[in-house]
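Down below is the structure, laid out as structure tokens.
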Amino acid sequence: MAIKLLDPRVISQIAAGEVVERPASVVKELVENSLDAGSTQVSVEAAGSGLGLIRVTDNGSGIPDDEVELAFERHATSKIRELSDLDSISSLGFRGEALPSIAAVARVEVLTCAGGEMTGAFLKLEDGAVVERRRQGRAQGTTVTVRNLFRRVPARLKFLKSPATENGRIAEVVTQYALAFPEVRFTLSIDDRVLLRSPGSGRLLDTVVEVYGPEAAGKMLELSDKQGEWDGGNPVFSHIVVTGLVGAPTVSRTSRGSLSFFVNRRWVSSRLLGKAVEDAYRGLLMQGRYPLGVVNISIPSAEVDVNIHPTKREVRFRDERTVFGSVQGAVRRTLVSLTPVPRIEEPMAAFAPPPVTTVSWESLVEGSSRMPAHAPVAQPLQAPLVALPVLRVMGQLSGSYIVAEGADGLYLIDQHAAHERVLFERVMEQRSKNGVEMQGLLEPATLEVEPKQAEAMKGHIARLAGFGFDIEPFGERTYLVRAVPALLHKKDWVGAIREVLDSASGNNAAERLAMSIACHSAVRAGQSMSHDEMRELVRELERVGVPHTCPHGRPTMIHLSLAQLSRDFGRTG
Ligand code: ADP
Ligand code: MG
């Protein structure tokens, strides 16, 4: 054959092969673009192994109307201008190749609206050329839809694996980015099945619960990063910061696939880093077992070259030994001290465990005035702290109970009782630090007490002040209320005061006041809660000293263990 210059279309298709190897590569590039655009929500849909459809929707910056076509030109990027910009790169993309590459091997539609623009732009491309362009409304953000991937590139199709494998790779990409960006809410659905929903709470552990399940999550250890110290003769380099979670040796896996590395938040594969972690586990894992973990390495951009391969999965470190040492050291220190994730089992440092009443709930609701004066009995300080396992919220039952999964079975949590416990501890802690949050009322309110309450009120006024009530006498039985505890703002604070006035005087008046405040500000039974609200409440409950009972002594949760379930279903014996 005579020598001829290739047709530009063929050049594009050949070049595309470097970036777009398989459906998961498309997902990776689109998700990276969404993250570079500062999105807080990224949703990924795929169908037919990703060959039929891939759609990534985000709420990021959007593409300005007059730049949409340009985004599909080869080497067009908004992320760098000069080669030297790579030394301080903070974006995931920079080569300006993804969109043109994808458009060269698929049918692509983009609908985008940049911040500040009135309407969005819709663009449709076939074989890399624009075939349709119009204005279309959209909230700020971008949706890229990719169809018929590789239909015109049969050679590519031949190299693809089974649908299960290709879907698995798509899920892997989204999962990894969800772990790298815990503050972003990811959703992944494949063939209309939702496979991952990351909470976007900003806490890595919350994402780990969704990805690896509550059992493994409960055994994760937080990487301790003590900078500037000397570690067995090697200085710990402070310009490299290693954070994340690694599994206790008891949650090892049979393959290397459950260890993720992110260098400046870029998901990388690196034998060096893998080796550093495995080294740290030496002597702790049996042969053929591999650790589980999420390791974030933050390092000055000039110390790492990200431009080695078009897919940017590989990086090269300027000083490999230092990186190796930092990662190995951080993991080793964590394993040696075996400190569990502090959020879960952290003792309540600021104040003694709160009192637990010995009276039954029934006797309280029947008539709080009959509550015995000695009722709240302070727990001894040295009482073992009852820590909760990590729980994954599954849903709400009857508008009143949170259904959650833990390592050992099912947990039913009474939302009101649990919230009461959390608020009670918060109120007591704030008071002990003289830091009660108050909320001034727009207009001072008058509060008239009954004759039989008048005496009690005098005794309580200073105490009420300690909890955030600003109350002053305004006549015989009338009081002027100028401020209330912030927790009770717009809630039944009158009820809380009356409850305190009606209860018999005696010891622990402060605790009883805190209980009333907690009870009157806690979420009610029958009040529907969003998934986020439930997760937040469970996380707060994990942190309190005595999570299993409400301040009145009622249980906050019922646990159905897996053993009990097997027994009840006749699976054992
Ligand atoms: P790169 O990411 O390397 O710059 P791409 O081809 O992936 O190259 O994207 C080209 C440009 O299109 C980006 O630089 C960015 O300005 C814009 N872009 C692509 N996707 C998005 C998105 N989801 N949100 C906002 N801008 C985007
Ligand atoms: Mg990109």
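For the full complex of protein chains and a 1.4 angstrom probe, list K4, K79 by accessible area with the highest value first.
K4, K79
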Along each of its three principal axes, how wide is the spread of alpha-carbon positions in segment 8-197, in whole angstrom units, largest first? 43, 41, 38
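Using only alpha carbon pairs under 8 Å that are at least six residues apart, calculate the relative contact order of the chain and give it in whole percent. Each step should come with its number before you reach the end.
Values: 1109 pairs, mean separation 63.2, N = 573.
Relative CO of the chain lands at 11 percent.
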Provide the solvent-accessible area of T119, counting protein heavy atoms only and rolling a 1.4 Å probe, rounded to the nearest 10 Å². 50 Å²
Just from the alpha-carbon atoms, what are the Rg and Dmax of segment 387-573 in angstroms? 19.6, 73
Any chance you could give the angle, 0 to 90 degrees and rounded to 10, that helix 204-217 forms with the longest Cα principal axis of the chain? 80 degrees
Angle in degrees between helix 451-466 and the longest Cα principal axis of the chain, rounded to the nearest 10: 40 degrees
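Please report the carbon-and-sulfur percent of the accessible area for the chain; probe 1.4 Å, protein heavy atoms only, DNA, RNA and ligands left out.
Working: 14270 of 27630 Å².
Its accessible area is 52 percent carbon and sulfur atoms.
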Pairs of Cα atoms under 8 Å, at least six residues apart: use those to get the relative contact order of segment 219-338, whole percent. 34 percent
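Would you rank L410, L397, L388, L53 by solvent-accessible area, highest first, keeping every protein chain in place and using a 1.4 Å probe?
Values: L410 50, L397 85, L388 5, L53 30 Å².
The most accessible residue leads, giving L397, L410, L53, L388.
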Cut-off under 30 Å on the C-alpha distance; same-chain residues fewer than 8 positions from K452 excluded. Which lysines are left, in chain and number order? K490, K491
Sorted from largest down, give the three principal axis spans of the alpha carbons of segment 219-338, whole angstrom values. 37, 33, 19
So the angle from the long Cα axis of helix 23-36 to the longest Cα principal axis of the chain, reported in degrees to the nearest 10, equals 60 degrees
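Based on alpha-carbon atoms only, what is the radius of gyration of the chain relative to the globular estimate 2.2 N^0.38 Å? Intermediate values should be presented prior to the final figure.
Working: Rg = 29.4 Å, N = 573, 2.2 N^0.38 = 24.6 Å.
Normalised Cα radius of gyration, the chain: 1.20.
Net charge near V393: determine it from the other residues with C-beta under 13 Å of the C-beta of V393, scoring Lys and Arg +1 and Asp and Glu -1. Please list the in-between numbers first.
Numbers: positive: R197, R392, R535, R539; negative: D206, E210, E405, D532, E533, E536, E540, E542.
Around V393, the surrounding residues sum to -4.
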Among all the aspartates and glutamates, which ones have a C-alpha under 15 Å from K158's C-alpha, if same-chain residues fewer than 8 places away are not counted? E21, E166
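Under the rule of -39500 (n - 2.57) per DSSP H run of 4 or more residues, summed and divided by the residues of the chain, what mean residue ellipticity at 222 nm is obtained, to the nearest 500 deg cm²/dmol? Walk me through the numbers before you get to the answer.
Working: 17 runs with 190 residues, N = 573.
Result for the chain, helices only: -10000 deg cm²/dmol.
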Under the Karplus relation with 6.51, -1.76 and 1.60 and θ = phi - 60°, whole-Hz ³J(HN,Hα) for segment 282-293, x at Gly and Pro, equal 4, x, 10, 10, 6, 4, x, 10, 10, x, 10, x
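The values are calculated or read from the model by the stated rules, or taken from the named source; none is laboratory data. Owing to the predicted nature of the structure, the values given are computational and were not obtained by experimental measurement. Neighbour counts are summed over all protein chains in view; Cβ atoms, including those assigned to glycine, are modelled from backbone coordinates with ideal geometry. In case anyone asks, the SASA skips ligands and DNA or RNA and just uses the protein heavy atoms, side chains included. Shrake-Rupley method; radii C 1.70, N 1.55, O 1.52, S 1.80 Å.
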